[in-house]
1. Arg95 - would you say it is buried (at least 17 other Cβ atoms within 10 Å of the Cβ), in contact (Cβ under 8 Å) with a residue 12 or more places away in the chain, in contact with a strand residue (DSSP E or B) (Cβ under 7 Å, 6 or more places away or on another chain) and among the basic types (Lys, Arg)?
2. Would you mention how many residues in region 62-90 are in contact with a helix residue (DSSP H, G or I) (Cβ under 8 Å, 6 or more places away or on another chain), of a type in the set (Lys, Arg) and surrounded by fewer than 19 Cβ atoms within 10 Å (Cβ to Cβ)?
3. Filter region 21-37 down to residues that are among the small types (Gly, Ala, Ser) and assigned to a strand (DSSP E or B) and give me whichever is surrounded by the fewest Cβ atoms within 10 Å (Cβ to Cβ).
4. Would you point out which residue out of Gly121, Gly171, Gly158, Gly175 is open to solvent by less than 20 Å² (accessible area, probe 1.4 Å), at positive phi and outside any strand (DSSP E or B)?
5. Please find, within region 193-204, the residue that is farthest from Thr2 (Cα to Cα) out of those that are within 18 Å of the chain's Cα centre (by Cα) and touching a residue at least 24 places away in the same chain (Cβ under 8 Å).
6. Please tell me if Leu205 is under 13 Å from Ala20 (Cβ atoms), open to solvent by less than 80 Å² (accessible area, probe 1.4 Å), outside any strand (DSSP E or B) and of a type outside the set (Asp, Glu).
7. Is there a residue in region 75-91 that is among the charged types (D, E, K, R), touching an Asp or Glu at 6+ places or on another chain (Cβ under 8 Å), closer than 24 Å to Ala167 by Cβ and at pLDDT 95 or above?
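The values are calculated or read from the model by the stated rules, or taken from the named source; none is laboratory data. These numbers were taken from a predicted model, which means no experiment stands behind them. As a convention, Cβ positions derive from the backbone with ideal geometry for all residues, glycine included, and neighbour counts pool all protein chains shown. Side chains included, ligands, DNA and RNA excluded: accessible areas come from the protein's heavy atoms. Shrake-Rupley method; radii C 1.70, N 1.55, O 1.52, S 1.80 Å.
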Amino acid sequence: MTFTLLAADPGHGLLAAATASRSLAVGNAVIAVDPAVGAVASQAWTNRALRARMLDALAAGRVPAEVMAEVPRWDEGAALRQVAALLPDGRGEARTGEGTTPWAGAVVRPGVVAVGNLLTGPEVLDAVVARFGALSSATVEGADGDPRTATTADDVLGAFARRVVAAMQAGEDAGGDRRGRQSAAVVVSRRRPERAHPPELEIDLRVDDAAEPLRELARLLETQLAG
């Protein structure tokens, strides 16, 4: 009962995951980013343990399509799950179990995987992907409000994070979770050469219970970037 975006910017070495739902504390259950490995999501009738299984498989050299094929072997309730994985180089894949509540589906493009279930319709994910594609991680807003080219690594990371949250808001505006809205989360990291536990993340923000969780998430993001 969630929609989620996994995104990669291979040119700048960035990874992100964002999610929103009419469920409490969705960020605690659905998304995970390992800066050395990739980004994953497990949702619908969520099996949280699948996140670690997917990341470990990616770390072992499996590609996302292979990881998706392994889910039924790992999880006897796979028909109720919706899972996705994205590598730092932009290769991604998703799997929607046949028992997932409609509307459910996925959009996979180079550098982007959008998945959702119990949505108002496919227009939600279409809006997420279209908005993400319409923005750029190399453009930031100047002090005068006009766009300018990002010149520092922090500028690029901030622009990428804003791009991900704006894409999620576009999905919400297109209908989102058909039950309503309650929580949202975003994680953004720079790619790292080695795994660490817990992972080193540049941005890890959650709104667990709010009337407009994605707008509140955008506010928190701006607060962090201004610091």
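1. The answer is yes for Arg95.
2. Matching residues across region 62-90 total 1.
3. Ala32
4. Going through Gly121, Gly171, Gly158, Gly175 in turn, the sole match is Gly121.
5. Glu200
6. No; evaluated as a whole, the condition is false for this residue.
7. yes
Here is a yes/no grid of residues against (1) assigned to a strand (DSSP E or B); (2) modelled with pLDDT of 95 or more; (3) farther than 13 Å from Gly171 by Cβ; (4) out of contact with any Gly (no Cβ under 8 Å at 6 or more places or on another chain):
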residue	(1), (2), (3), (4)
Ala94	yes, yes, yes, yes
Glu98	no, yes, yes, yes
Val107	yes, yes, no, yes
Val115	yes, yes, no, no
Asp126	no, yes, no, yes
Ala130	no, yes, no, yes
Ser136	no, no, yes, yes
Val140	yes, no, yes, no
